[in-house]
Amino acid sequence: MQVDSQTHNRYLREAPELIDAVVSSTAEAGDISVVMRRDAHTDYCVKFDNGLCGIQQKYGTDFLGEACHFYPRVTRSLGNTLTMTATLSCPEIARLSLFGDAPFATETSSLERLPYNLQDYLPEHLNAEQALAIHHRFLDAALDENASPERTLMRIFSASESLMRISADKWLDAVPFYLDNADSTLPAPEYRETDLTYLLQALCGLVAAAKKVGDKRLMQTIGEMEKALHVAIPLDTLAIAAQPDSLHASKMLYERWQNEWRNLYTPLLRRYLTMQLSLALFPFAGFGNTLTQRIAIIGVRFATVKLALMSACAQSASLLGEADIIRVIQSLSRFLDHLAEPEFSIRIYQETGWLQKRRLRAIVGDE
């Protein structure tokens, strides 16, 4: 977990004994930052004490760095209005979001502590009320039970293409129109029989680049995907070692999803998509440099989670229980939702063509 400069300086001034608990780290972009030190034996924070934070127990929440204090909450600014949501990388947030009652209700509240530095995502010519209305129209679209989450995702992609061609002050009225008419703009999906295997390889490439090979839950999820697709992808080479029947296994896995599992897990994928849009304060923030990149990256993550659920189903003798579903989605979210920079992901997805509408429609499975 990162330690912000204000908290680090406070340790220096008021609790110098805590300096041993932090260490300098090089981030993905090459920047030097300060993070909590990991225990070499457990891989937990050195202040992890019998399931609790030793700093919070001894010094109180005021001494927690921003990352520790606010996690799993995510705060963003629209002018003077702040929004707060949460990430599925937290198992309890995953449980509440995927299985709880009305997890997307909006409440107004006040907090005693807010993040020190917040980027303002409010575009010119929009006020916070208008921006929030736009955001909630996308959330409402994602929750629409009359459309599959795959189709909703592609409608949002098409709407995003159209929004990029007009000024932000017209978005509020344009969003429902573009969403309602998106189906007419969708090209036929461009399928490739290796799509599921390359989806797994792309995930492995990101894991290897981020050096997250020690995450046991994530590696369990990746292992299930390898078994279901009859392939092996070593993280040191990323070369695909496919069994002779791998293409058949991929085809049969997708057919089983369509015939046996789709109706059971579609509500979960609908909630997953909604959480990704909420996390990104879509269309104003998120992982990516443009509206279409942001929704395409969400789409690839959606397809990856879908493949992971398919694979877990294929490895299970019975229907997946709540704990298994949470483990699959949380393990992927813990990795994907916390990537620091989008450039490497974008480069991979450009090479595979997944930033294009035809290819994205194919990998998410919109038919």
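The values are calculated or read from the model by the stated rules, or taken from the named source; none is laboratory data. Bear in mind the structure is a predicted one, so any value in this text is a computation, not a measurement. Every residue, glycine among them, receives a Cβ derived from its backbone with ideal geometry; neighbour counts consider all protein chains shown. Areas reflect the complete protein model, heavy atoms only, side chains present, ligands, DNA and RNA absent. Shrake-Rupley method; radii C 1.70, N 1.55, O 1.52, S 1.80 Å.
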Report summary line: Wholly inside segment 20-130, strands (runs of 3 or more DSSP E) that include 2 or more residues that are free of Cβ contacts under 8 Å to residues at least 12 places away in the same chain and either open to solvent by 50 Å² or more (accessible area, probe 1.4 Å) or within 25 Å of Leu339 (Cα to Cα) (or both) are 22-26
**Report entry** Verdict on Arg361 being in a helix (DSSP H, G or I) and in contact (Cβ under 8 Å) with a residue 12 or more places away in the chain
**Finding:** yes
Query raised in the report: If Asp173 passes every condition in (1) in contact with a strand residue (DSSP E or B) (Cβ under 8 Å, 6 or more places away or on another chain); (2) in a helix (DSSP H, G or I); (3) free of Cβ contacts under 8 Å to residues at least 40 places away in the same chain but one, which one does it miss?
Result: (1)
Report task. Determine, yes or no, whether Cys204 is open to solvent by less than 60 Å² (accessible area, probe 1.4 Å), at pLDDT 95 or above and in contact with a Phe, Trp or Tyr (Cβ under 6 Å, 6 or more places away or on another chain). Result -> no
Query raised in the report: Ser162: part of a helix (DSSP H, G or I), under 22 Å from Val364 (Cα atoms) and free of Cβ contacts under 8 Å to residues at least 24 places away in the same chain, yes or no?
Result: yes
Query raised in the report: Out of segment 282-310, which residues are in a helix (DSSP H, G or I), open to solvent by 10 Å² or more (accessible area, probe 1.4 Å) and farther than 15 Å from Leu332 by Cα?
Result: Leu291, Thr292, Gln293, Arg294
Requested in this report: Looking only at segment 259-277, decide whether some residue is surrounded by fewer than 17 Cβ atoms within 10 Å (Cβ to Cβ), under 24 Å from Leu355 (Cα atoms), of a type in the set (Val, Ile, Thr) and out of contact with any Cys (no Cβ under 9 Å at 6 or more places or on another chain).
Outcome: yes
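Residues are listed down the side, and each one gets a yes or a no for (1) under 20 Å from Asp4 (Cβ atoms); (2) of a type outside the set (Gly, Ala, Ser); (3) touching a helix residue (DSSP H, G or I) at 6+ places or on another chain (Cβ under 7 Å):
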site	(1), (2), (3)
Gln56	yes, yes, no
Gly60	yes, no, no
Pro91	no, yes, yes
Leu111	yes, yes, no
His125	no, yes, yes
Query raised in the report: Would you say Ile55 is of a type in the set (A, V, I, L, M) and modelled with pLDDT of 90 or more?
Result: yes
**Report entry** Hits in segment 67-83 - residues which are of a type outside the set (Val, Ile, Thr) and in contact with a Leu (Cβ under 8 Å, 6 or more places away or on another chain)
**Finding:** Arg76, Ser77, Leu78, Gly79, Leu82
Query raised in the report: Got a sec? Which of Thr81, Thr108, Thr61 is farther than 30 Å from Ala131 by Cα and over 23 Å from the mean Cα position of the chain (by Cα)?
Result: Thr61
Query raised in the report: Give me the pairs: first residue in segment 176-199 and within 30 Å of Ala241 (Cβ to Cβ), second residue buried (at least 18 other Cβ atoms within 10 Å of the Cβ) and basic (Lys, Arg), beta-carbon distance under 7 Å, and six or more apart or on different chains, which are they?
Result: Pro189/Arg361; Glu190/Arg359
